[in-house]
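Only the coordinates and a few stated rules stand behind these numbers; no lab work does. Nothing here was measured: the structure is a model prediction, and the numbers come from that model. Glycine gets a Cβ as well: all are built from the backbone with ideal geometry, and neighbour counts include every protein chain shown.
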Amino acid sequence: MFGFSVIKNSKKSHARLGLLETPHGTVETPAFVPVATQAAVKVLTEKEAEETGSQLLICNTYHLHLRPGEKVVKKHGGLHAFMQWKRPLMTDSGGFQVFSLGFGREHGMGKILKEKSDISVTDGDQPAKLKITDDGVLFRSHIDGRELFLNPRESLRIQGALGADIMIAFDECPPPTADYAYVKTSLARTHRWAKESLDAKRSMRQALYGVVQGGRFQDLREESARFIGKLGFEGFAIGGEFGASKRAMTRMLRVVFMSLPPKKPRHLLGIGHPEDILPIIKSGVDTFDCIVPTHYGRRGIAFTSEGKLNLARSMFLEDKQPLDASCECFVCGTYARGYLAHLVRAREITALRLLTFHNLHFFNAFAAGIRARIREGKI
RNA sequence: GUGCCCGUAGUUUAGUGGUAAAACUCCAGUUUGUGGAACUGGUAUCGAGAGUUCAAUUCUCUCCGGGCACC
């Protein structure tokens, strides 16, 4: 039911064209994966999400476990029937929430460090709001504070009930401020959990991706890729951060991919600013998810072929051009920047919808353009 | 016409005889396995003029503008 075939390997880079086959259809790769954390691409219907050219969405185990709970989703026939999305779906394991609700929230930082931090996390440190042990992670619900426990077995049980086409093994995403000792210990745990995830997998209809971690340390990344690559996963996800620069990221991705089985699909977790997309695809990424187009769309920022536009700026009010003259989406075919700027400034909900729609279309079209150029041998 | 009260940032308001503070707005940013969130900067000749004083946004007077009451 699940399969991946590389239909072309680029001669100019490590990029490749592929077809990811799932019980709910085929994904042409490289592909951008919009984020639908709570079984919705925020502000859009599933039909609109499809109209933006989206092929595959990623939902979140932690969030859906809390609300509405996997039992409810299962009663509706699983995620696809629940949210009426007919195409492929993947679920993230909750491993990222170990970071984002732990050290991330405590230190007020994202997984990518924008400037040097004097906060240092070392082996034995625990985040304030949750407890990480070899058995699993004890969370406090960000909604009502109640305790909940996730480990590989529990995450897989939930993901099994949710029923996405692709599941992700439960890992720990270490903070970007973690030192070598912390990442090494954390990685050993993530590796142990990877085996437990495979043992806990029940469904044959659902594929399972193992997660490569190792932070910004090249030897740990290599070790992780070799270890995870040897296990019986249908594909691989690359998590965490890779160091300060974009260059460090692409260098690290190549190191990782050299140690992974070349015929299996690779998903890069949570990376995908427009300027990242070409480099990561050239490094050999098949799919990647990112909140940026939807997240920024809701904050009044549109991505275009000429960079990003902050539509809240008053200079756009009298602008009669579309967001992007070279974009073929419904929004660009219909509305002037001035109207969109007005909606953003007036905080009309429609602004969030139109910018989200355009941004997703832009990202999907951007990926489609890169696929075409790989096919033509230009990338 | 007479009496009383009030004029401080775009707006609504603090405040003090030693050259001003907050909220929202506005301007500019940040945002990478998702709070429609949060955060960081920036923006004032304290209605005008004169007087008292070492020093006035603060006290006094005149004018201008607004409000209320009375005739």
*Do any cysteines in chain A lack another Cys Cβ under 4.7 Å, and if so which?*
A:59, A:173, A:290, A:329
*asked:* Between 0 and 90 degrees, rounded to the nearest ten: what's the tilt of helix A:152-162 against the longest Cα principal axis of chain A?
replied: 40 degrees
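Suppose a student asked you for the relative contact order of segment A:302-379, using Cα pairs under 8 Å spaced at least 6 residues apart; what percent would you report? Please list the in-between numbers first.
Numbers: 78 pairs, mean separation 21.5, N = 78.
Relative contact order for segment A:302-379 comes out at 28 percent.
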*Among the lysines, which have Cα under 25 Å from the Cα of residue A:263 when same-chain residues fewer than 8 positions away are ignored?*
A:8, A:11, A:12, A:195, A:201, A:230, A:282, A:378
*Calculate, for residue A:75 and residue A:140, the FRET efficiency according to 1/(1 + (r/R0)^6) with r their C-beta to C-beta distance and R0 30 Å; round to the nearest 0.05.*
0.65
*To the nearest 10 degrees, how steep is helix A:180-200 against the longest Cα principal axis of chain A, on a 0 to 90 scale?*
90 degrees
_So for each of A:212-219, A:147-154, A:291-298, A:47-54 I average, over its residues, the number of other beta carbons within 10 Å; can you give me the resulting order with the highest mean first?_
A:212-219, A:291-298, A:47-54, A:147-154
_Cross-link partners of residue A:264 among aspartates and glutamates (Cα-Cα below 16 Å; sequence separation of 8 or more within a chain)_ = A:21, A:28, A:165, A:234, A:286
*With the dipole of chain A worked out from charges on the C-beta (+1 for Lys and Arg, -1 for Asp and Glu) around the Cα centre, which of A:104, A:350, A:208 lies farthest toward the positive end?*
A:208
*asked:* Run the helix sum for chain A: -39,500 (n - 2.57) per DSSP H stretch of 4+ residues, divided by residue count, reported at 222 nm to the nearest 500 deg cm²/dmol.
replied: -11500 deg cm²/dmol
*Just name one of A:177, A:19, A:235: the one whose Cα is farthest towards the positive end of the charge dipole of chain A (beta-carbon charges, Lys/Arg +1, Asp/Glu -1).*
A:19
*Going by average Cβ neighbours within 10 Å, how do the peptides A:73-79, A:353-359 rank, with the highest at the top?*
A:353-359, A:73-79
*Dipole moment magnitude, nearest 20 debye, chain A about Cα centre, only Lys, Arg, Asp, Glu C-beta charged*: 540 debye
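Pull out the extension gain between residue A:325 and residue A:349, defined as 0.36 nm times the separation in residues minus the alpha carbon to alpha carbon distance; nm, one decimal. Provide the component values of the computation, followed by the final result.
Numbers: separation 24, 0.36 × 24 = 8.64 nm, distance 2.39 nm.
Gain on extension, residue A:325 to residue A:349, equals 6.3 nm.
Can you tally the net charge around residue A:35? Count Lys and Arg as +1, Asp and Glu as -1, for every other residue whose Cβ sits under 10 Å from the Cβ of residue A:35. All intermediate terms of the calculation are to be shown ahead of the outcome.
Working: positive: A:42; negative: A:92, A:289.
With Lys, Arg at +1 and Asp, Glu at -1, the net is -1.
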*Across segment A:80-96, in residue order, what do the Karplus-derived ³J(HN,Hα) couplings come to in whole Hz, using 6.51 cos²θ - 1.76 cosθ + 1.60 with θ = phi - 60° and x for Gly and Pro?*
4, 5, 4, 9, 6, 9, 8, 8, x, 9, 10, 10, 7, 7, x, x, 5
